[in-house]
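Data first, discussion second: the structure below is written as structure tokens.
The values are calculated or read from the model by the stated rules, or taken from the named source; none is laboratory data. Because the structure is predicted, anything quoted here is derived from the model rather than measured. Counting neighbours? That spans all protein chains shown, and the Cβs are built from the backbone with ideal geometry, glycine included. These accessible areas exclude ligands, DNA and RNA; they are computed on the full protein's heavy atoms, side chains included. Shrake-Rupley method; radii C 1.70, N 1.55, O 1.52, S 1.80 Å.
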Amino acid sequence: MRIFHAIAGLFSVFFFSCSNDMKEVQMVSADKSTPEESFHGVTMVYSDNGKHRAVLKTPVFYRYGTLSPRTEFPKGLTVDFFTLTGEKESYLRSGYAILDDKTRQFILQDSVVMINFKRQDTLRTPYLVWKQDLAVITTDSVVHINGLRGNLRGDHFRSKENFTQYTWNHVKGTYFYNETDSL
């Protein structure tokens, strides 16, 4: 019987003395390469005053939060942008993306394409930054814009996030000017 009490006493000391602070456990097990959450087949709707302004779709995304808060879209994403009246205005696609949770900036890479439906312009670039807080997209990379009015190439591109108004530098290519265009 003494042996039983000795084992039970030793077990209770061991059992009650083993406790871990959850923050310590999280910090020890935190790994930059392991996501905290993963989501599959996601559609996110961004709205303003109850109206759809953008719809983001992705096959998968991973959230990392402990050491480097970010959301990674390893299989890319698509975004449809809408006017205040609900009309689809533009479309964005990339093969890979990261959203920096601190700066609210999307870093878009791998065959980035953006289409403005009204102007019928298509932008292609290897790299684009979508600054959500400023509602702009920018890149220092080479940008190709093809459309009804011509085929142009340039760099240092900056636009509203819906690709409606833009500026850029070192523009070269063919542009078909008509009387209604303003320079």
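Can you tell me how many residues within the stretch 93-106 are open to solvent by less than 30 Å² (accessible area, probe 1.4 Å) and either more than 14 Å from the chain's Cα centre (by Cα) or charged (D, E, K, R) (or both)?
Result for the stretch 93-106: 0.
Considering only the stretch 82-101, state which residues are in contact with a Leu (Cβ under 7 Å, 6 or more places away or on another chain) and touching a residue at least 60 places away in the same chain (Cβ under 8 Å).
Hits for the stretch 82-101: nothing passes.
Which ones in the stretch 75-94 are under 12 Å from Gln109 (Cα atoms) and aliphatic (A, V, I, L, M)?
The answer is Leu77, Leu92.
For the stretch 53-87, how many residues meet the condition of being assigned to a loop (DSSP other than H, G, I, E, B), touching a strand residue (DSSP E or B) at 6+ places or on another chain (Cβ under 6 Å) and closer than 17 Å to Pro126 by Cα?
Residues meeting the conditions: 2.
May I ask you to say which residue of Val42, Val60, Val25 is over 30 Å from Leu152 (Cβ atoms), at pLDDT below 90 and among the aliphatic types (A, V, I, L, M)?
Exactly one residue qualifies, and that residue is Val25.
With farther than 19 Å from Asn162 by Cα and modelled with pLDDT under 90 as the only criterion, which of Lys51, Lys102, Lys75, Lys118 stands out?
Of Lys51, Lys102, Lys75, Lys118, the one residue that is farther than 19 Å from Asn162 by Cα and modelled with pLDDT under 90 is Lys102.
Residue under question is Thr58, and the condition is that it be touching a residue at least 12 places away in the same chain (Cβ under 8 Å), buried (at least 18 other Cβ atoms within 10 Å of the Cβ) and out of contact with any helix residue (DSSP H, G or I) (no Cβ under 8 Å at 6 or more places or on another chain); does it hold?
So Thr58 passes the test.
Scan the strands (runs of 3 or more DSSP E) fully inside the stretch 104-172 and keep the ones with 3 or more residues being out of contact with any Pro (no Cβ under 6 Å at 6 or more places or on another chain) and not polar (S, T, N, Q).
By residue number, 105-116, 121-131, 143-147, 150-160.
Taking Ser90 as the residue in question, decide whether it is among the small types (Gly, Ala, Ser), open to solvent by 30 Å² or more (accessible area, probe 1.4 Å) and either within 14 Å of Glu161 (Cβ to Cβ) or part of a strand (DSSP E or B) (or both).
no
Name the single residue that is farthest from Leu108 (Cα to Cα) among those in the stretch 149-174 being charged (D, E, K, R) and open to solvent by 40 Å² or more (accessible area, probe 1.4 Å).
Only one residue fits best here, namely Arg149.
Mind telling me which of the residues Phe39, Phe82 ends up being in contact with a His (Cβ under 6 Å, 6 or more places away or on another chain) and open to solvent by 30 Å² or more (accessible area, probe 1.4 Å)?
None of the other options fit; the residue is Phe82.
Every residue, every condition in (1) at pLDDT 90 or above; (2) touching a Gly at 6+ places or on another chain (Cβ under 9 Å); (3) farther than 12 Å from Leu92 by Cβ, yes or no:
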| residue | (1), (2), (3) |
| --- | --- |
| Asp140 | yes, no, yes |
| Gly147 | no, no, yes |
| Asn162 | no, no, no |
| Val171 | no, yes, yes |
| Asp181 | no, no, yes |
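Can you name every residue in the stretch 107-148 that is open to solvent by 60 Å² or more (accessible area, probe 1.4 Å) and among the hydroxyl-bearing types (Ser, Thr, Tyr)?
Across the stretch 107-148, the qualifying residues are Ser111, Tyr127.
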